[in-house]
Amino acid sequence: MKRIINYHVHPVILSKKGRYMKKKIGSCLVVGAGISGIRSALDLAELGYQVTLIDKEPNLGGTLMQLDYQFPSDHCGMCKMLPLVERDKASQYCLRKGVFHENIDIMLSTELVALDGEPGKFQVTLRQKSRFVDPERCIGCGECSRVCPVEVPDGFNAGLTLRKAIYLPVPHNIPNTYTVDVTSCTQCGECEKICPSGAIDFGVEARSRFRILVVDDELVVRDSLKEWLEDDGFHVEMAESGTEALDMLAKDSFHLMLLDIKMPGVDGVEVLKRAKDLYPELTVVMMTAYATVETAVEAMKIGAHDYVMKPFAPDTPVPVVAQLYQDILRTGERLMDVGAVILSAGFDSFQPDEDNNIFGYGVSPNVVTSIEFERIISGTGPNQGKILRPGDGKEVRKIAWLQCVGSRDMQEDADFCSSVCCMFAIKEALLAKERSDNQADATIFYMDMRTFGKDFQRYRDRAEKDYGVRFVRCRVHTVSPADEEGNLKIVYVDQSGETHEEIFDLVVLSTGQRPPVGTEKLAEMCGVELNPWGFCKLQDFSLSRTSREGILVSGSFSGLCDISDSVIQASSASLWASRLIHSKGGGLAEETETKEAQFRDVGSEPPQVFLALCTCGGTIGEAVDLNALTESFKNTESVAEVQVIERICTQEGWDDLQEAMRNSNANRVLIAACNPYVYAKKVRELGERIGLNPSLIDVVDIWTPAFPGRDLNGNQLTREISATVAMGIARLKGMDPCPIPTARIIQKALVVGGGIAGMTAALSIAHHGFDVTLVEQAEELGGNLHYLYRTLEGYSPQELLEDAVLKVEDHPNINVYKNTKVIGSEGQVGRFVTAVERADGSVETLEHGVTVLATGGQEAKTAEYAYGESGAILTQHELEKGLQDGTLDPTKFRTVAMIQCVGSREEPRNYCSRVCCSSTLKNSLYMKEKNPDLQVCVFYRDMMSYGFIETYYTKARNAGREITIPADVLVLGTGIVPGNYKELADQFGVDFNEDGFFQEAESKWRPVDFIKEGIFMCGIAHSPRSITESIASAEASAQRALRILNNERLAAGSIVAEVRHSLCVLCERCIAACPYHARRYDKAEDKIVVDELMCQGCGSCAAVCLNSASVLRGYRDQQVFEVIDAALEGLG
Amino acid sequence: MSDKEPIIVAFVCNWCTFTAADLAGTSRLVYPQNVRLIRMMCTGMVDPKYVIKALLQGADAVLISGCHPGDCHYINGNYKARRRVKLLKEILPRFGFDERRLKLTWIGASEGNEFAEIIKEMVAEVKTLGPSPVKEQMVL
């Protein structure tokens, strides 16, 4: 085989030759930076779109930031979402810290406030709130927080700990900018005084320009308000009546009016109306006594910004005004054009202390929500991960989880299942068991244990059998205090109707989902409809398209879903965003010149390091003798220059550094400053500016050792800093300046399987202008859709089928090969060769860059329950078919019995097929509709009516049922088994799980990828799923495929493995060690070849190589040895 | 020599433990000085010769720390490290080092406190073992 990996020759001369890279134009807005928002943003960024990712919170990550552990690994793994190819465009560190990608612009504390225009060209207005701290200047030292006198409950720890008024919203987030909570801040100014980088500015001086008009008929109110507000530096004028106020507004301009509602003459509401008519920009806050609260709420509807209650102490109106001042004068608005908008605004948790509060939440401190429990077991939580009771700090020995709190509850207006709580509770119970060395008892009280996802059932079984988690199916009646010590008594009624009582140390409420605050406003602004439960409504057969074209939704904003489903949905949303932008001409239509940076070729020069030492706002300078340190570094080998720079983290400091670099001949730069994460983006920019490959620039942290509290003396600190810098220099010296390898991509796709998933994937790819070959072994396209005639929601699968087949067969970019089988495949991402056998026996080879496996599955066969012995015993498919073609007439039956989980959820088929309960409900409701007197009796273990399917379960139950035997017809829900997986897995070199479904790279974070890059899965081949869910996964797999297809050449990362062939003895140990199938033995060349695109740079190959023939760039042996030497220099 | 604080060379993975060490720093958790963090992409790439080199160079102890089992960014690198450390502990005495001078732990990204604890524990243990035999020899 020919060697097809080429290297860019630096400096890049491709543009001179007239070669261009296709670059997407167009941009997209993602609202909400939780897990789904991040996934959508990364997807689009990888496709080359410019993405603006906003979140109203001051931190990234959404709910996930509070969850340290996810099932099934019971740990994290979020970093696996980072790009696998073109890795250097994104940050290469823990995603919980933050996300950075060249094409993603992140705006925090930002809300979408207006949206105009049309699909493909929306004009959006974003409003970013100032949090008093300049993110450019804040170095995250935390001095401000230390001196802040205010303490309030910390939202990050779900109120279980206290924080200051100036605080870090998430302890591990980057940017780690402190933020001010205006509602609790007393504006004492202590933090402003102590801040070493001058990042905090309450803008007190500018307050005198903020003009406030106080309108109240009571002198005492006017006077006290004036006094308080003037004390805080504002300019205040007063009016004693509505008429006077309107006169004053006509003469002078004001920013803010504080307006009393009840006044003689013209009342507040009237003044508000007239004032808003004349001065729409004026902000008005109503002042009201209890009696007129309703009027105040009405007033807000006609334009008032907020209201405050009278009588008040200075700590109520002043912070409100301070925040308004901040909002009005110091809020940045940004207008931009975007092609599409993805809403991933997440969800809010149900508040169990609302309404009835039968579980005593908020009454006993030992009743907590599942999120609070999550914080209790977290290392960054209140007790550093020890499971102690919030009430008395006692070690917890007996814990109860109560399911369906605020879900599946008609009284709470929640006729839906929140889908994730069952698994969430099992995970928490397992962690509690593990943390306590199995000393804690864990009991889960539930109605149905909904383990409907891939491998969920086995997880549950493991919890029960191996860890002793107790599952109690019952209805919990009440939770009440058991004694003085804070223990709790749970009263519950079991299945036989018997009442039990049990005492627990701690009760965890598995609280359900609610639409997030502001959903209605957001929906109205974007012109999208909501569903009956207040979540975003979706189009038929879609998990991401809203009622308006160009506005997409991902994650829990359309109903709670777990990480894996969120990630699939997010990719489906980004695919539709991309399709839209593409169809509006924003796709590959315009070719723009590559803007690859020109880097100096320094490969032949000896290493010359420019060392920049930051004073960290004087902290370092005070602690150690910087001059002596500078001198000692100057005498270090390979150091060309040493410069001390004031606060490199600030713009001034950065400018100073660039200025100092200007005349330097150095070919390496080491910045010794604070948090290296903060510099990721800046380092790239610096590299491009001075023409030095960014991998030759590094940042080391010399600031953390100098923290107060570590109490190091000057000598100790000098030694720590010297060692850190010396290690940095050693590593940089050995850094390989060679360019990042790239590889050619065959821009064609192969889709195997012509069911709805395969057809959707093919269409999604073809729609972007790439050729697709769709291979189907049957005579017709359509797969399982041929057996489905209706869905629970009332959509028509047959129309869907007809439409999809027509589109696929008509599409100029899609080649359909029916009656065709794959007989073999080889190659790597970007360059696969697959042989297929056509109906006539001829063999054809196809070249393609990506492969999508959508080989589906079918209804399982059974021999249980006398199936096959009587015509009255059917499967759900047979029932559906019979009802459709008229061979089964429900009006002729009196009783129909249905048995669920036939051969499922027990070994060897120990998984839930997810769709059978829905089928059962669907067919039951259909038959009841035809024959209301029919009795349908369903024998089930757990009714898996997750999400909004629950409402149909309620409907079916209300339709009535009675246990009557014998039945006219017995229907078996036999579940789903995968299609032909073994042969395919072998042909494509991919894995499958013990049930025969394809094994994804990572169940949560990479649900449609195989470990082998370039091959993706979708539909039932992944795991049983509904039509809509299959379509979503197909769209997600197409999206993953497009990020590769979209490039003629694709770059790997700077850290990749290579082979020194002269040392290699071809033992092939490295091939076995490589987890990514990135290595193979090339027979023709007789050597080990690395596929740089597939290589992720883990270095496993280098560690197993006996001859050091396999090396990892950036971590060559010599380099690591020198770092070790530097670390231990001066010992002994 | 005994007045000196022990030096620990820590090979930490880029994804989990490096983040945890950083969190320990930014959360201002107090842990002993003299930990030399060497950031590797994965614990699976920590070649045994790096460990031996560090010990021969005078480190009092070596820590290898990465993602929890099942959580490795590179799928299974931490398992490779686990196997390797088990073997290393068997051969370290032949180089004259107590096997307790090498430690392998899993510290997740949000477990800054765990990082500080491990360092404290290691320092305490190494103090009972006394300084590295290499240092003794060098003094002699």
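We did not get these values from a lab; they are worked out from the coordinates using the rules stated. Keep in mind that this is a model prediction, so the values were computed, not measured. Cβ atoms come from the backbone with ideal geometry, glycine included; neighbour counts cover every protein chain shown.
Across the residues of A:139-147, average count of Cβ atoms on other protein chains within 10 Å?
That works out to 1 on average.
What net charge do the residues around A:Pro606 carry, taking every other residue with its C-beta under 11 Å from that of A:Pro606, with Lys and Arg at +1 and Asp and Glu at -1?
So the surrounding residues net to 0.
Any idea how far apart A:Thr887 and A:Arg662 come out in nm if each label point goes 7 Å out from Cα toward Cβ?
Computed distance between label sites A:Thr887 and A:Arg662 equals 8.6 nm.
Work out how much length A:Val220 to A:Asp461 would gain on full extension: take 0.36 nm times their residue separation and subtract the Cα-Cα distance, in nm to one decimal.
Gain on stretching A:Val220 to A:Asp461: 79.9 nm.
According to a simple spin-label model (label point 7 Å from Cα along Cα-to-Cβ), what is the distance in nm between A:Tyr940 and A:Ser208?
7.1 nm
Over 20 Å between Cα atoms: which of A:Lys454/A:Lys1004; B:Lys49/B:Lys103; A:Lys821/A:Lys1004 fall into that group?
A:Lys821/A:Lys1004
Would you compute, for the Cα atoms of chain A, the largest minus smallest coordinate along each principal axis and list the three values in descending order, in whole Å?
90, 90, 61
Order the peptides A:145-153, A:839-847, A:1074-1082 from the highest to the lowest mean number of other Cβ atoms within 10 Å of their residues.
In descending order of packing, they fall as A:1074-1082, A:145-153, A:839-847.
Please work out the FRET efficiency for the pair A:Val843 and A:Ala778, using the Cβ-Cβ distance as r and a Förster radius of 30 Å; give the result to the nearest 0.05.
Plugging the Cβ-Cβ distance into 1/(1 + (r/R0)^6) gives 0.95.
So which lysines pass the test for A:Lys489, namely a Cα distance under 25 Å, with those fewer than 8 places away in the same chain ruled out?
Those lysines meeting the cut-off are A:Lys386, A:Lys394, A:Lys398, A:Lys427, A:Lys433.
Checking the cross-link filter: which lysines have an alpha carbon closer than 17 Å to that of A:Lys1083, excluding same-chain neighbours under 8 positions apart?
A:Lys2
Can you give the FRET efficiency to the nearest 0.05 for A:Asn815 and A:Glu685, using r as the Cβ-Cβ distance and R₀ = 45 Å?
Result of the calculation: an efficiency of 0.50.
Between B:Asp98 and A:Cys1067, what is the label-point separation in nm under the 7 Å Cα-to-beta-carbon projection?
About 3.3 nm, to one decimal.
Multiply the residue separation of A:Lys121 and A:Ala863 by 0.36 nm, subtract the distance between their alpha-carbon atoms, and state the gained length in nm to one decimal.
Working: separation 742, 0.36 × 742 = 267.12 nm, distance 5.78 nm.
Length gained between A:Lys121 and A:Ala863: 261.3 nm.
At a threshold of 8 angstrom on Cα-Cα distance, excluding pairs fewer than six apart, so keeping six or more, what relative contact order does region A:344-462 reach in percent? Intermediate values should be presented prior to the final figure.
Working: 126 pairs, mean separation 24.3, N = 119.
Relative contact order for region A:344-462 comes out at 20 percent.
Go from 0 up to the bin containing the longest alpha carbon distance in region A:89-137, width 10 Å each, and give me the % of pairs per bin.
20, 34, 35, 11
Within region A:292-307, whose backbone N sits under 19 Å from a point 7 Å along Cα→Cβ of A:Thr331?
Counting backbone N atoms under 19 Å from the label point, the list is A:297, A:299-307.
Pull out the extension gain between A:Asp353 and A:Asn715, defined as 0.36 nm times the separation in residues minus the alpha carbon to alpha carbon distance; nm, one decimal.
Taking A:Asp353 through A:Asn715 to full extension adds about 124.7 nm, to one decimal.
Which whole number gives the average, over all residues in A:1114-1123, of C-beta atoms from other chains lying within 10 Å of the residue C-beta?
3
Packing-wise, with mean Cβ within 10 Å as the measure, how do A:253-263, A:402-412 rank, highest first?
Numbers: A:253-263: 21.7, A:402-412: 20.0.
Order by mean packing, descending: A:253-263, A:402-412.
Sort B:17-30, A:824-837 for me by packing, meaning the mean count of neighbouring Cβ atoms within 10 Å per residue, highest on top.
Ranking, from highest mean packing down: B:17-30, A:824-837.
Which of A:Lys164/A:Lys521; A:Lys807/A:Lys955; A:Lys682/A:Lys733 have a Cα-Cα distance over 27 Å? The partial results should precede the final answer.
Values: A:Lys164/A:Lys521 31 Å; A:Lys807/A:Lys955 36 Å; A:Lys682/A:Lys733 21 Å.
The answer is A:Lys164/A:Lys521; A:Lys807/A:Lys955.
Taking beta carbons within 10 Å but only from partner chains, what does the mean come to for residues A:87-94?
3
With charges set only on the Cβ (+1 for Lys and Arg, -1 for Asp and Glu), what does the dipole of the protein assembly as shown come to about its Cα centre, in debye to the nearest 20?
Value, rounded to 20: 3880 debye.
Which helices of chain A meet both criteria: a Cα extent of 24 Å or more along the helical axis and a mean Kyte-Doolittle score no lower than -1.0, with helices taken as whole DSSP H segments?
Qualifying helices, which must be both long enough and hydrophobic enough, are A:563-581, A:714-733, A:1027-1045.
Please compute the net charge surrounding A:Lys427, taking Lys and Arg as +1 and Asp and Glu as -1 over other residues with Cβ under 10 Å from its Cβ.
-3
Please give the FRET efficiency for A:Lys394 paired with A:Arg475, using the beta carbon to beta carbon distance and R0 = 41 Å, rounded to the nearest 0.05. Spell out each step's value before the answer.
On the way: r = 29 Å, r/R0 = 0.70.
That gives a FRET efficiency of 0.90.
Net charge near A:Ala239: determine it from the other residues with C-beta under 9 Å of the C-beta of A:Ala239, scoring Lys and Arg +1 and Asp and Glu -1.
-4
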